[in-house]
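As structure tokens, the structure follows; a few thoughts come after it.
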Amino acid sequence: NVHQLVFKLPKKEVMKSSELGKEVIKKELALIPKSPGVYRMLNHKDDILYVGKAKNLPNRLKSYVSEKNHIIRTERMLSQTFKLEITTTANESEALLLEANLIKKHKPKFNILLKDDKSFPFIFIGEKDLWPRVTKHRGKKDKEGFYFGPFASAGTANWTIKMLQKIFQLRVCDDGTFKNRKRPCILYQIKRCSGPCVGYIDKNDYKKSVDQAIQFVSGKSRDIQKNLSNEMEAASEKLDFEKASILRDRIKSLNIIQSSQRINEANLVDADVIASYKESGKTCIQVFFYRSKQNWGNQAYFPKHDPDQNISEIMSSFLMQFYENKNVPKLIIINTEIKDKKLIEETLSRKENNSISINAAKKGNKAKVIAMAEKNAKESLNRKLYETNNNKNLFENVAKKFDLKNPINLVEVYDNSHIQGTNSVGAMVTFGNEGFVKKRYRKFDIKTKGSEQDDFAMLKEVLTRRFKRAMLEKGNYLTLPDLVLIDGGKGQYSSAKEVLDEFGLHDLPMIAIAKGKLRNSGNETFFYNGKSFKFEKNDPTLFFMQRLRDEAHRFAITSHRAKRARGIKKSLLDQINGIGAIRKRALLNHFGSARAVESASLDEIKSVEGVEAKVAKKIYNFFHE
């Protein structure tokens, strides 16, 4: 039921005012089917400017033509519109889902955009494992077992796993480690694991612990406490004081956790509490996750929108983009009325094949919960606004110190990392008015032979690859920064300046930051435009520049270590001809590590399932010849 129509004006008809977009719509309005669907407005480069949905496409699009006094945002959009794309759908709900999907995918400049969207962690306990373990999980739920979540952050999920370890003493180690333990690890010593790897607990007792852990995260902690108390009394009566003491410690841990857990006043079993707060043209939306009557954390979002957009529009757009790729709870509590409430409820209900309710809470315990979420949203937004203003002031101080002609809104910082020319990596981090922009971080594996331990050549290669791609506007294209900061002295500055000049970027300012002779922080010298600069040791601008340099250094080292780790993993078994992924996995599962394979006897290697005598001899000879 989905098809597409494209309407386009000849280039000679391009206009500079909002009449351009109106003419595009007028030209083919009579041919647009009277059905629900999604429309997309594009500019002359085929960039999507705006995605909108409609119950009746012609009626919605007519409003752009007939209304005389559009808001400034709509006027700007129409003035850039060169093409119109239409996708019809079977119903309005389908159009709403498609709209959310296209907004998230294409990030049109005139839509409200949900930024920094990511998957949330779950806790997973395997169902088919002989000795189930508790792990953190992201992504598709394609394994058989029990999933609990979502948790607002990895920290909240880790705290819950730690809690499960304390009370139920479930294992967290991977299967390779579990199979090759000869004695229990430190987690057993500190009473966070029952030692199933070495047979310190039988399968039935371990299974009972797993079942109790599942009950606990499902909100049945009182029942578990009662059962543990009964088991402790029974063990005491049988004079099994060792078992009774273990059960006593579990009950103690359970009591401590219950008293420290965040209480859910509204008794929310399966709900998300979503509150928005707008100030100074910016908005923060706080999402609190309540599952099994427990608060599983919260997350702050700062959607991108025009300053004049109202909170109801922002909330509606947020809800659809947020839940477009996530499971939806039965109840969503919000702090503002929204225009499309019934349509969004119906759309999310169809998506989940379950009844979803959206409630704008105004009284009772639900109002208290939403008030708490709104307070968090206000505090988060105030912090964000303060940081943004502070960053702008720091940018202004940098421009003043180095007498830069143009204002700074975006800085790129470069650094390299290697060990004696091995696993050489260049790194770039970006900082804007709202802080570090992680999606603009880039790492560069050094490709030029002979450059691996030459800092000047490495820097040249990194900058050449980054700015060549920008000038060609192809591949991993990023807009140009307002300032380039490099870690180094006069030599690095000269090498980097050559690259910028080669691409005609003579006006792009670049600063080199060099540590003192003793490599001590606080004694940095800065080089710019043939001059050297120093800061007072307690100057906030100096601390800011150091922070930028240190983040680039951290990212470079992290990238280098990851590359080196990959190399180490490949350095042993992967070098043996005839050892593929299946045999490699069998060897690692059996021995636990490549080093353990190296020290194994020929007979031990032969005993590995799937490794024939001929292959076993080849592996043994590789390590011993």
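Descriptive notes on the structure:
- Heavy-atom accessible area with a 1.4 Å probe sorts Asp306, Asp211, largest first, into Asp211, Asp306.
- Among the GluC sites (Glu not before Pro) found in segment 66-100, those both in a DSSP coil and sparsely packed, with 15 or fewer other Cβ atoms within 10 Å of their Cβ, are Glu67.
- For Thr336, distant residues with modelled amide H under 5 Å away: none
- The chain: calculated mean residue ellipticity at 222 nm from DSSP helix runs of at least 4, using -39500 (n - 2.57): -14500 deg cm²/dmol
- Taking segment 161-191 and a reference point 7 angstrom along Cα→Cβ of Arg585, no backbone N atom is nearer than 11 Å.
- Per residue accessible area in Å² of segment 92-214, where ligands, DNA and RNA are left out and the probe is 1.4 Å: 52
- Charge dipole magnitude, Cβ of K and R +1, D and E -1 - the chain, Cα centre, debye nearest 20: 220
- Of (1) 31.6, 102; (2) 30.3, 95; (3) 26.4, 81, the label for Rg and Dmax of the Cα atoms in Å derived from the coordinates: (2)
- Segment 586-625: relative contact order as a whole-number percent, Cα under 8 Å and 6+ apart: 36
- Rounded to the nearest Hz, the phi-derived 3J(HN,Hα) couplings of segment 237-250 under the Karplus curve 6.51 cos²θ - 1.76 cosθ + 1.60 (θ = phi - 60°) are 5, 7, 6, 8, 6, 5, 5, 4, 5, 5, 5, 4, 5, 5, where x marks glycine and proline.
- Derived scalar couplings between HN and Hα for segment 530-543 equal x, 10, 10, 10, 10, 10, 5, 5, 9, 6, x, 5, 4, 4 Hz in order, rounded to whole Hz, by the Karplus curve 6.51 cos²θ - 1.76 cosθ + 1.60 (θ = phi - 60°), x for Gly and Pro.
- Applying 0.36 nm per residue to the separation of Lys468 and Glu28 and subtracting their alpha-carbon distance, the gain on full extension is 154.3 nm.
- Measuring between alpha carbons in the structure, the pairs from Lys166/Lys220; Lys220/Lys351; Lys384/Lys439; Lys62/Lys304; Lys136/Lys293; Lys342/Lys384 lying more than 22 angstrom apart are Lys220/Lys351; Lys62/Lys304; Lys342/Lys384.
- Residue (of Ser209, Gly126, Gln189) at the positive-pole extreme of segment 114-260, dipole from beta-carbon charges: Gln189
- Annotation for Arg547 and Asn180: the two label points, set 7 Å from Cα along the Cα-Cβ direction, are 4.4 nm apart.
- Net charge in the neighbourhood of Glu237 (other residues with Cβ under 13 Å of its Cβ; Lys, Arg +1, Asp, Glu -1) is -1.
- Here's how it looks for Val437: its modeled amide H is under 5 Å from those of Thr430, Phe431, Gly432, which are all 5 or more places away or on a different chain.
- Accessible area per residue (1.4 Å probe, heavy atoms of protein chains only) ranks His553, His305 as His553, His305, with the largest value leading.
- Using the Karplus relation 6.51 cos²θ - 1.76 cosθ + 1.60 with θ = phi - 60°, the per-residue 3J(HN,Hα) values for segment 360-367 come to 8, 5, 10, 8, x, 5, 5, 5 Hz, with x marking Gly and Pro.
- Entry note, the chain: relative contact order of 9 percent, from Cα contacts under 8 Å with a spacing of 6+ residues.
- The apolar share of the surface of the chain, taken as the fraction of accessible area on carbon and sulfur atoms (1.4 Å probe, ligands and nucleic acids excluded), comes to 48 percent.
- For Ile511, the amide hydrogen comes within under 5 Å of the amide hydrogens of Val484, Leu485, Ile486, counting only partners 5 or more places away or on other chains and with H modelled in the peptide plane.
- One chain, two ends: Lys107 and Lys617. Fully extended at 0.36 nm per residue, the span grows by 177.9 nm beyond their Cα-Cα distance.
- Highest-first arrangement of 288-298, 152-162, where packing means the average Cβ count within 10 Å: 288-298, 152-162
- Listed residue pairs exceeding 32 Å between alpha carbons, taken from Lys378/Lys537; Lys26/Lys326; Lys191/Lys618; Lys107/Lys363; Lys460/Lys584; Lys339/Lys366: Lys378/Lys537; Lys26/Lys326; Lys191/Lys618; Lys107/Lys363; Lys460/Lys584
- Extension gain for Arg350-Asp603 works out to 85.1 nm (0.36 nm per residue, less the C-alpha to C-alpha distance).
- Computed E for Gln189/Arg595 - FRET, C-beta separation, R0 30 angstrom, nearest 0.05: 0.75
The values are calculated or read from the model by the stated rules, or taken from the named source; none is laboratory data. Predicted model only: the values in this text are computed from it and were never measured. Quick reminder, even Gly has a Cβ in these numbers, built from the backbone with ideal geometry, and neighbours come from all protein chains shown. To get the accessible areas, we keep the full protein, side chains included, count just its heavy atoms, and leave off ligands, DNA and RNA. Shrake-Rupley method; radii C 1.70, N 1.55, O 1.52, S 1.80 Å.
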